[in-house]
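Structure first, commentary second.
The values are calculated or read from the model by the stated rules, or taken from the named source; none is laboratory data. As the structure is a prediction and not an experimental result, all values here were calculated from the model. All Cβ positions, glycine included, derive from the backbone under ideal geometry; neighbour counts span all protein chains shown.
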Amino acid sequence: MLALLVDPDKVGDAAARDILINRISTSKVDLVLVGGSLIFSDIDDTVVALKQGCGKPVVLFPGLSSHFTPSADAILFLSLLSGRNPEFLIGNQVHAAIPIMKSGMEVIPTAYILIDGGRTTSVEYMSNTRPIPANKPDIALATAAAAQLLGFRMIYLEAGSGALNHVPKEVVALVKQHVSLPVIVGGGIRTEESLREVLDGGADVVVVGTAFEENPGLIDRFADTITCRKR
């Protein structure tokens, strides 16, 4: 599947949001993720507008407990397993748990694993955690295996928004070989070549954000590439 990551701060005004919604509604993207490491805009406004206008499932991708809104279709209940900061392992999750349960929305427990993408990213800085070195796939695998044993339902291998490099194919492939959970891969995927590499590794869901902002037409070429792989 192909997912588009939307940062509410980048579509804060109605005009920008309308342009984005029009682009998404006519694109071949499968679902929309809404979130980011640091959000100042009203996330509920963005989610409601996307649900009403784009015709795609809208899933929360929260950076903090305050990034929750019951208006979404589902939420990736993230735990940053690659880090050692308790606030992002369990702290934010405790703060958000009761409101999420009361909302009745679909909850997808997701192990969030940060891989070094060649530069300091927002998630690394804001979470105060170090990413797993890109040349240490064994650490990524051990972390993903722990996630499966802990009962998570998905693995999210993340290089970070605006990363220079995407998650290496070798890392994705090793995790897919030994862990039975679906794998999401995001960060640094800007070209069809980089998309093919993570698909070759076995990614189940590919997340694109910055690339779509810079070149909206790229999303359909990405979708066509994924469709060809399904055949």
(request) Look through region 34-46, keep the residues that are crowded, with 18+ Cβ neighbours inside 10 Å and of a type outside the set (S, T, N, Q), and return whichever of them is farthest from P57 (Cα to Cα). (result) I39
(request) Mind listing whichever residues of region 63-88 are surrounded by fewer than 17 Cβ atoms within 10 Å (Cβ to Cβ) and within 19 Å of A145 (Cα to Cα)? (result) R84
(request) Residue by residue through region 149-172, note down the ones that are surrounded by 18 or more Cβ atoms within 10 Å (Cβ to Cβ) and hydrophobic (A, V, I, L, M, F, W, C). (result) F152, M154, I155, L157, A159, A163, V167, V171, V172
(request) Considering only residues that are out of contact with any Asp or Glu (no Cβ under 8 Å at 6 or more places or on another chain) and surrounded by 15 or more Cβ atoms within 10 Å (Cβ to Cβ), look in region 1-11 and name the one that is nearest to G217 (Cα to Cα). (result) L4
(request) Pull up region 173-194, narrow it to residues that are of a type in the set (G, A, S) and over 20 Å from A211 (Cα atoms), then point me to the one that is surrounded by the fewest Cβ atoms within 10 Å (Cβ to Cβ). (result) S180
(message) For region 34-64, which positions are aliphatic (A, V, I, L, M) and assigned to a loop (DSSP other than H, G, I, E, B)?
(response) L38, I39, L64
(request) Take region 123-163 and flag every residue that is modelled with pLDDT of 95 or more, within 20 Å of E193 (Cα to Cα) and under 17 Å from the mean Cα position of the chain (by Cα). (result) L157, E158, A159
(request) Could you pull out the residue among V179, V175, V107, V171 that is of a type in the set (A, V, I, L, M, F, W, C) and under 15 Å from the mean Cα position of the chain (by Cα)? (result) V107
(request) Residues being free of Cβ contacts under 8 Å to residues at least 40 places away in the same chain and out of contact with any strand residue (DSSP E or B) (no Cβ under 9 Å at 6 or more places or on another chain): count how many of those fall in region 140-174. (result) 8
(message) Given (1) in contact (Cβ under 8 Å) with a residue 40 or more places away in the chain; (2) of a type in the set (G, A, S); (3) outside any helix (DSSP H, G or I), identify the lone condition not met by S180.
(response) (1)
(request) Looking only at region 139-154, decide whether some residue is farther than 20 Å from S79 by Cβ and small (G, A, S). (result) no
(request) For A96, work out the one condition from (1) under 21 Å from D200 (Cα atoms); (2) in a helix (DSSP H, G or I); (3) touching a His at 6+ places or on another chain (Cβ under 9 Å); (4) of a type outside the set (K, R) it doesn't fulfil. (result) (1)
(request) Go through region 192-231 and tell me which helices (runs of 4 or more DSSP H), entirely inside it, have 2 or more residues that are farther than 19 Å from L33 by Cα. (result) 192-201, 218-230
(request) Look at region 19-33 and say how many of its residues are assigned to a helix (DSSP H, G or I) and either surrounded by fewer than 19 Cβ atoms within 10 Å (Cβ to Cβ) or among the aromatic types (F, W, Y) (or both). (result) 4
(message) Step by step: first the residues of region 184-210, then only those that are touching a Phe, Trp or Tyr at 6+ places or on another chain (Cβ under 9 Å) and over 19 Å from L114 (Cβ atoms), then the one that is modelled with the highest pLDDT. Which residue is that?
(response) L195
(request) Could you run through region 65-86 and say how many residues are within 24 Å of D9 (Cα to Cα), in contact with a strand residue (DSSP E or B) (Cβ under 9 Å, 6 or more places away or on another chain) and outside any strand (DSSP E or B)? (result) 6
